[in-house]
Amino acid sequence: MGNSLFKLTSLNLNGIRSAASKGVERWIAATRPDCICVQEVKAQAADIATRFEQLAGLQGHFHFAQKKGYSGVGIYTRHEPSDVIAGYGSPEFDAEGRYIELRFDTPARKLSIISAYFPSGSSGEERQLAKYRFLEAFHPHLMATKGEREFILCGDINIAHQQIDLKNWRSNQKNSGFLPEERAWMTKLLHTTDPGGGLVDVYRQLQPTATDTAYTWWSNRGQAYANNVGWRLDYHLATPALAALARAEHIYKDEKFSDHAPITVDYEFTL
């Protein structure tokens with residue numbers, strides 16, 4: 001049975017050097033994912049070279065930001081991709097290193113694993129407007145991709161979709177990450193009949209009512225982590241055919257590698 005499962009992890013590293021110093025490679029070696037999608041690598045190609053091209057025997061592929069120590073995404077994989085696409089075609093946001101797609105295509109099927117890091121708007125109005133620009137441009141990209149292939153996008157979406165996705169929803173209704181426009185974007189994306197929808201929030205498919213156990217991010221301020229004052233910001237978003245193959249989820253909180261927890265889903269397919 002074990003051989004028929006595809007284990008996919010997503011983790012915002014909050015800096016690959018920082019996460020490495022906290023033991024993330026040992027954890028990856030122990031859990032043995034097929035792919036791990038990482039965000040906020042906060043490094044450039046020169047920093048990765050000779051140090052982080054591979055983690056626990058998995059080969060890394062990256063999309064770096066032009067700005068040093070900022071953003072950046074990657075996918076470490078046990079399987080050789082048929083193609084690697086860095087960026088989704090946005091001049092503004094491709095410069096920020098927010099999207100990498102590994103294709104695992106065969107004559108019989110087209111399948112992608114995507115690691116994405118959505119902008120945060122919490123630093124102020126300028127970045128919130130940038131976040132809206134990202135969402136506006138990214139939606140048609142997801143729709144076009146869905147029309148051509150099956151995929152699972154893992155990433156830090158920086159949006160808590162529903163009230164059950166964060167501890168203090170009442171006091172956060174005017175804060176970035178839980179704004180009505182952001183939530184509406186997610187609702188449309190996940191809509192089952194809207195032509196602009198059709199993706200599946202895999203964690204919610206498996207855990208439709210979980211609240212306290214669903215969070216993947218905790219502020220470093222105060223006692224947020226100790227008191228589990230968290231947000232669910234990290235997602236697996238999949239096309240329906242792949243979402244239907246999801247069997248189990250696990251949010252790992254026994255160790256802290258980052259201000260985010262890794263979220264792993266086992267899917268019943270093999271590459």
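Figures for the structure shown
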| quantity | calculated |
| --- | --- |
| Inter-probe distance in nm under a simple model that places probes 7 Å from Cα toward Cβ, at E136 and R17 | 3.7 |
| Förster radius 51 Å - calculated FRET efficiency between S4 and S123, Cβ distance, rounded to 0.05 | 0.70 |
| Separation in nanometres of the label points that stand 7 Å from Cα toward Cβ, at E80 and R103 | 1.7 |
| Solvent-accessible ranking of D259, D83, D47, largest area first, probe 1.4 Å | D83, D47, D259 |
| Kirkwood hydrodynamic radius of region 6-267, from inverse mean 1/r over distinct Cα pairs, in Å | 18.3 |
| Efficiency of FRET from Cβ geometry, K110 and T187, R₀ 35 Å, rounded to 0.05 | 0.80 |
| Net lengthening on full extension, F269/D194 (0.36 nm per residue, minus Cα-Cα) | 24.2 nm |
| Protein accessible area in region 110-269, 1.4 Å probe - carbon and sulfur % | 50 |
| Free-standing Cys residues across the chain, given no other cysteine C-beta under 4.7 angstrom | C35 |
| Antiparallel bridges, percent of DSSP beta bridges restricted to the chain (to nearest 5) | 80 |
| Computed E for T50/V229 - FRET, C-beta separation, R0 41 angstrom, nearest 0.05 | 0.55 |
| Count of Lys pairs (Cα-Cα under 17 Å; at least 8 positions apart or interchain) in the chain | 10 |
| Most fluctuating residue given options L199, L237, L190, as computed from a GNM of the chain linking Cα atoms under 10 Å | L190 |
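The values are calculated or read from the model by the stated rules, or taken from the named source; none is laboratory data. Small disclaimer: the values here were computed from a predicted structure and weren't measured. Don't worry about glycine lacking a Cβ; one is built from the backbone with ideal geometry, like all the others, and counts go over all protein chains shown. Please note that ligands, DNA and RNA were not included when accessible areas were found on the heavy atoms of the full protein model with its side chains. Shrake-Rupley method; radii C 1.70, N 1.55, O 1.52, S 1.80 Å.
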